[in-house]
Amino acid sequence: MADPRFHLSSGPQPLAAIAAAAGARIEEGVAARSFRGVAPLAEAGPEDIAFLDGRKHLDALRASAAGAVLLTAELAASVPPGCAALVVASPQLAFARVAALFHPGPALRPGIHPTASIGADVVLGEGCEIGPHAVIGDGAELGARCLVGPHALVGPGVVFGDDARIHAHASVICCLAGHRVTLHHGARIGQEGFGFAPTPEGRFVTIPQLGRVILGDEVEVGANSCVDRGALGDTVLGPGTRLDNLVQIGHNVVTGRGCVIVAQVGISGSTRLGDYVTIAGQAGLTGHLSIGSKARIGAQAGVQGDVAPGQDVTGSPAMPVKDALRAALYLRKLGARKPAAAKPPGED
Amino acid sequence: MADPRFHLSSGPQPLAAIAAAAGARIEEGVAARSFRGVAPLAEAGPEDIAFLDGRKHLDALRASAAGAVLLTAELAASVPPGCAALVVASPQLAFARVAALFHPGPALRPGIHPTASIGADVVLGEGCEIGPHAVIGDGAELGARCLVGPHALVGPGVVFGDDARIHAHASVICCLAGHRVTLHHGARIGQEGFGFAPTPEGRFVTIPQLGRVILGDEVEVGANSCVDRGALGDTVLGPGTRLDNLVQIGHNVVTGRGCVIVAQVGISGSTRLGDYVTIAGQAGLTGHLSIGSKARIGAQAGVQGDVAPGQDVTGSPAMPVKDALRAALYLRKLGARKPAAAKPPGED
Amino acid sequence: MADPRFHLSSGPQPLAAIAAAAGARIEEGVAARSFRGVAPLAEAGPEDIAFLDGRKHLDALRASAAGAVLLTAELAASVPPGCAALVVASPQLAFARVAALFHPGPALRPGIHPTASIGADVVLGEGCEIGPHAVIGDGAELGARCLVGPHALVGPGVVFGDDARIHAHASVICCLAGHRVTLHHGARIGQEGFGFAPTPEGRFVTIPQLGRVILGDEVEVGANSCVDRGALGDTVLGPGTRLDNLVQIGHNVVTGRGCVIVAQVGISGSTRLGDYVTIAGQAGLTGHLSIGSKARIGAQAGVQGDVAPGQDVTGSPAMPVKDALRAALYLRKLGARKPAAAKPPGED
């Protein structure tokens, strides 16, 4: 059960409402049955909803005391007695929606905290909550129902659509953002990119960074991640793109729609991603690359060349996944051999 | 000498007090001898205490002008004339305690700064210092002698034991913490983990993250490091576990007691560490792994499988350290050869 | 064109002023010709200044509608009709200066915001701007024309020279800094390094970190980067050294003049860099190393040994660049071969 200290509950909920949220059909006789929340399969009790994602946990399903389980049609027959099968196309997606039914998150408390600092000509949509010590610069515009958390900074002229969630300590300058954009704690958006020119005497002169950051609808930026603004032109995160924590996005990077960028990834300046590109943790991409749509880049990969649409690469330097696995296997075999044999071919 | 601008000194101190802090025995005749502080072996003068950690720096010891040196018994004979040998089991540990005797750190200034923002039903133990612009949410509870630094955020319902040090710009939500926990500047605790489900139309729906972060006694989290709360269930850092800066801890990670996690390491969701696991800088661990107690993981290692207790692994992908060294040596030899010879075995 | 929402323009400017900023000679007849700003070669119109850096973009130059182009002498003949050639030694440097002519950045608004919190005995030079919710500790000293952004923290006793830019959410303690130093958003300077000693019972005792951070003139530290203070003695970034975002600098690291350290690099304690060392993104250096002047370290390199002046290394573990490329090529070939052939030499 979610700790009520931190997570408000709207439970109990009748199975009819749960099934509606999940997009599952249920028999009329059980529609009024009442549930208190969501739980993992192994811990769920008769008043909890659990979910099963794939055959791997079939044993856990059979042993589960859950009152109802979200699962796909072909696994429904394995539900133990007394447990309601809620058949859905994607149990994970249905679970997300059912969990949100029970735990809709804290409601906004519309208004401006007396310690917040609001600049001139700021436009705030209806129902915004501006938290303690928040700072909003001159001429910024926020849509309806936006949250600006404690100590967050929205710089001069910045624009957000409706339903922004700008969490505590985030800063955002030189940025135009769409609807339903979320910046997690300490995210840094729009600061100067890393650009400078050396003088003959060995000093560095900063190249003014004159672009912006454009965030599409439903973009999310993780805690302490950084997105630099463009040098000339813009840095762009396409609609639905999600960055995990501690990610670095260089100036003039452009992503398409729905890219997923896991923690501690770094993308250097001017690299372009298509739609639905996935980059696993700690991978690094050099600058001025083109990464095709639906490409997948492995954890810790070092990408130094273009990647074709749909291609999977990994390793540092990166190569096709199959090749990288083969090379890794080879290295592993080499490492495991007796020292005498471990010399390069042809060496005497 | 420590710069008095930044580090208050309680010196001079008599050797008797120093030896007591170090756990060293001294002859009565020198107990009143006075020292002004601690210093590295090479820079210490007659009024300074230095320490020697291992034979490697024996030459520096012989040349040192230090007034006294913390060292192990077998090296005591090498102390130069005029220098007092303070024999201890662990010179490093003794040095930590002697340095803290001279420099106990700034004393708390109990009270709530007038610019701080304190929510309803907050419980503060005796002697807490709440700094300028700090924010404490409704219902949070802090034990005795806690420091909440400038701009730090303690979210609603959060609980800390005694002697917390929550430094400037740190944020902590959805968290229960033990005694003597330290969060360094900009640490991010308890924010949403990276969890979402795709819709058939290619949108992502956030899976509500309904867990907490549990921090054991004496946990430390480095500057700008991130610890996400659990999805269902908790993210747990066991007692005494220390994170360096810029570390990423995914949702539902669990560590045992006394783990040491160096800068820029990333640990993906649901991976479990035993006790006293050491992870060197920039290593990455994928999710759902089990890492046994006292395992050691090398810098930049890419760990994709379980690691047995006491095992040392490194490389990306990670393998036993001996194997990785052999494979690296092999690669290095290959790289150093003339191009003509550098072709795979059997290639023509 | 730079978006006027975010980037003030001092345009239009006459070509005479532009040429003077660039250090280019022009014919007298065109000195009064007026320009509105800077733009990329492909997008520039007749009132824009562009620049050409190398032969690679000669085609873009020939097709460009730019009114004037900064370029080197040998490319000047390729300028299309109607476009003025501004001949300079370094087009990139000239561009930096011309862009700064058009966009000098927001002027300081001298004064202390009423929500800022200023300690006792603080010394502020002429013309400083102290932003909303900024905190300056007792005894800190700032030179003339310093900016302390929203929520920034300047700790007790900290010293900055003239023209500091301490951006929003940055924190700096235990630090002495020169002139024209810039800390970007969320940079963390001077916090405790990662030092502790184990007790026989398996607890960790913090070793007091008694040093400082010394920042030379014109040092820049990127967003959310961390520079720990020295344990004994100082952590030093030499004049002109620039850190990108999310960089980790351990205690007692010392860099020379003009080092360039790209995003997500980590340098462990007590490693020393000479002058003009370049470290590409995500590279990691272990502690107590010596890296010679003008050495270059590749992206994701894992440096575990000293690097000679002028040497280029890459790979993990790092080796000379040529060797690393050869080893990588070999691995790539191995990976691309049919499984049957991919066995170590001598294996049956």
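The values are calculated or read from the model by the stated rules, or taken from the named source; none is laboratory data. In this text the structure is predicted, and so the values were computed from the model without any measurement. Cβ coordinates were reconstructed from backbone atoms using ideal geometry, including for glycine residues, and neighbour counts include every protein chain displayed.
In this structure, B:F194 does not satisfy being more than 7 Å from chain A (Cβ to nearest Cβ) and crowded, with 24+ Cβ neighbours inside 10 Å.
Exactly one residue out of B:G240, B:G230, B:G216, B:G202 is in contact (Cβ under 8 Å) with a residue 40 or more places away in the chain and over 19 Å from B:H169 (Cα atoms): that is B:G216.
Of the numbered conditions (1) surrounded by fewer than 16 Cβ atoms within 10 Å (Cβ to Cβ); (2) over 30 Å from B:A140 (Cβ atoms), A:E43 satisfies every one except a single condition; which is it? Result: A:E43 passes all but (2). Between C:L61, C:L101, C:L86, C:L71, the distinction of being in contact with an Asp or Glu (Cβ under 9 Å, 6 or more places away or on another chain), modelled with pLDDT of 95 or more and not aromatic (F, W, Y) belongs to C:L71 only. In the stretch B:255-278, the count of residues that are without any contact (Cβ under 8 Å) to a residue 40 or more places away in the chain and more than 29 Å from B:C174 (Cβ to Cβ) is zero.
For the stretch A:223-245, the criterion of being away from chain C (no Cβ under 11 Å), over 30 Å from C:A21 (Cα atoms), part of a strand (DSSP E or B) and among the acidic types (D, E) is met by none of the residues. Given the criteria more than 11 Å from chain C (Cβ to nearest Cβ), more than 30 Å from C:Y276 (Cα to Cα) and out of contact with any Ser or Thr (no Cβ under 6 Å at 6 or more places or on another chain), does A:V254 qualify? So A:V254 passes the test.
A single member of A:A20, A:A66, A:A31, A:A24 is surrounded by fewer than 21 Cβ atoms within 10 Å (Cβ to Cβ), away from chain B (no Cβ under 12 Å) and at pLDDT 95 or above, and it is A:A20.
Within the stretch C:287-310, being crowded, with 23+ Cβ neighbours inside 10 Å, in a loop (DSSP other than H, G, I, E, B) and not aliphatic (A, V, I, L, M) holds for C:G298, C:Q300. One residue stands out in the stretch C:266-277 among those that are within 11 Å of another protein chain (Cβ to nearest Cβ) and within 22 Å of C:N245 (Cβ to Cβ): the one that is surrounded by the most Cβ atoms within 10 Å (Cβ to Cβ), namely C:I267.
Just give me the residues in the stretch B:84-109 being more than 26 Å from the chain's Cα centre (by Cα) and in contact (Cβ under 8 Å) with a residue 24 or more places away in the chain, in sequence order.
Of the residues in the stretch B:84-109, the ones more than 26 Å from the chain's Cα centre (by Cα) are B:84-87.
Residues satisfying the conditions are B:A84, B:L86, B:V87.
Against the definition (surrounded by fewer than 21 Cβ atoms within 10 Å (Cβ to Cβ) and either more than 21 Å from C:V247 (Cα to Cα) or at pLDDT 95 or above (or both)), how does A:F204 come out, yes or no? Criteria met by A:F204.
Note on the stretch A:102-139: residues that are within 21 Å of A:I173 (Cβ to Cβ), surrounded by fewer than 16 Cβ atoms within 10 Å (Cβ to Cβ) and either among the aliphatic types (A, V, I, L, M) or touching a strand residue (DSSP E or B) at 6+ places or on another chain (Cβ under 6 Å) (or both) total 2.
Could you list, in sequence order, all residues of the stretch A:139-191 that are at positive phi and either away from chain C (no Cβ under 14 Å) or in a strand (DSSP E or B) (or both)? Once the filter is applied, which keeps residues that are at positive phi and either away from chain C (no Cβ under 14 Å) or in a strand (DSSP E or B) (or both), the stretch A:139-191 yields A:R145, A:D163, A:R180.
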